[in-house]
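The values are calculated or read from the model by the stated rules, or taken from the named source; none is laboratory data. Everything numeric in this text was worked out from a predicted model, so none of it was measured. Cβ coordinates were reconstructed from backbone atoms using ideal geometry, including for glycine residues, and neighbour counts include every protein chain displayed. Protein only, heavy atoms only, side chains kept; ligands, DNA and RNA dropped before computing areas. Shrake-Rupley method; radii C 1.70, N 1.55, O 1.52, S 1.80 Å.
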Amino acid sequence: VQLVESGGGLVQPGGSLRLSCAASGGSIGRYAMGWFRQAPGKEREFVAHISWSGTNTGYASSVKGRFTISRDNAKNTVYLQMNSLKPEDTAVYSCAKSRVPLTTTPQEYDVWGQGTQVTVSS
């Protein structure tokens, strides 16, 4: 399976972006998926995850209430809707396929996309 993110860009504070993570070379329909981000000089951090069915989701406290993760297994795609963006949300956002159900631990994710840059600035 390969993962490709898209939808990043430059947005003003308070704005919105929708990231997509398209899978190819195999189905992600039976796997939990996650979004992570990494800002310059900082460690990679968990953002959100979703169960294989989409029934269960989880969020980092810093994004809860502003970001929404979803998936369309028919399209083999996972999404991250980001609203009320803040400058501190600036980072490279990556999606990943999990080996286990709903974990926040990066080491439990075995396939990663290359990431998409999100910059929040006026």
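Could you list, in sequence order, the residues of the stretch 106-122 that are farther than 15 Å from GLY8 by Cβ and in contact (Cβ under 8 Å) with a residue 40 or more places away in the chain? So that I can check it myself, show each step before the final result.
Going through the stretch 106-122, the residues farther than 15 Å from GLY8 by Cβ turn out to be 106-112, 122.
PRO106, TYR109, VAL111, TRP112, SER122 - these are the residues of the stretch 106-122 that are farther than 15 Å from GLY8 by Cβ and in contact (Cβ under 8 Å) with a residue 40 or more places away in the chain.
Just need a number here: residues in the stretch 43-74 that are basic (Lys, Arg) and free of Cβ contacts under 8 Å to residues at least 24 places away in the same chain.
Qualifying residue count for the region: 2.
State yes or no: is ASN76 out of contact with any strand residue (DSSP E or B) (no Cβ under 6 Å at 6 or more places or on another chain) and surrounded by 14 or more Cβ atoms within 10 Å (Cβ to Cβ)?
Answer is no for this residue.
With respect to GLY29, determine if the residue is small (Gly, Ala, Ser) and either in contact (Cβ under 8 Å) with a residue 60 or more places away in the chain or loosely packed, with under 12 Cβ neighbours inside 10 Å (or both).
no
Inside the stretch 47-65, can you point out the residues that are out of contact with any Phe, Trp or Tyr (no Cβ under 7 Å at 6 or more places or on another chain) and either at positive phi or open to solvent by less than 30 Å² (accessible area, probe 1.4 Å) (or both)? Write out each step before concluding.
The first filter runs over the stretch 47-65 and keeps only residues out of contact with any Phe, Trp or Tyr (no Cβ under 7 Å at 6 or more places or on another chain), leaving 49-51, 53-58, 61-65.
Of everything in the stretch 47-65, those that are out of contact with any Phe, Trp or Tyr (no Cβ under 7 Å at 6 or more places or on another chain) and either at positive phi or open to solvent by less than 30 Å² (accessible area, probe 1.4 Å) (or both) turn out to be HIS49, ILE50, SER51, GLY54, GLY58, VAL63, GLY65.
For the stretch 32-46, how many residues are open to solvent by less than 20 Å² (accessible area, probe 1.4 Å) and either in a loop (DSSP other than H, G, I, E, B) or farther than 12 Å from CYS21 by Cβ (or both)?
The qualifying residues number 2.
Mind telling me which of the residues ALA91, ALA96 ends up being in contact (Cβ under 8 Å) with a residue 24 or more places away in the chain, in contact with a Gly (Cβ under 7 Å, 6 or more places away or on another chain) and open to solvent by less than 60 Å² (accessible area, probe 1.4 Å)? So that I can check it myself, show each step before the final result.
On the way: ALA91 fails: in contact with a Gly (Cβ under 7 Å, 6 or more places away or on another chain).
Being in contact (Cβ under 8 Å) with a residue 24 or more places away in the chain, in contact with a Gly (Cβ under 7 Å, 6 or more places away or on another chain) and open to solvent by less than 60 Å² (accessible area, probe 1.4 Å) holds for just one of ALA91, ALA96, which is ALA96.
Sort out which residues of the stretch 1-25 are open to solvent by less than 30 Å² (accessible area, probe 1.4 Å) and farther than 25 Å from SER121 by Cα, and write them in order of number.
Within the stretch 1-25, LEU3, ALA23 qualify.
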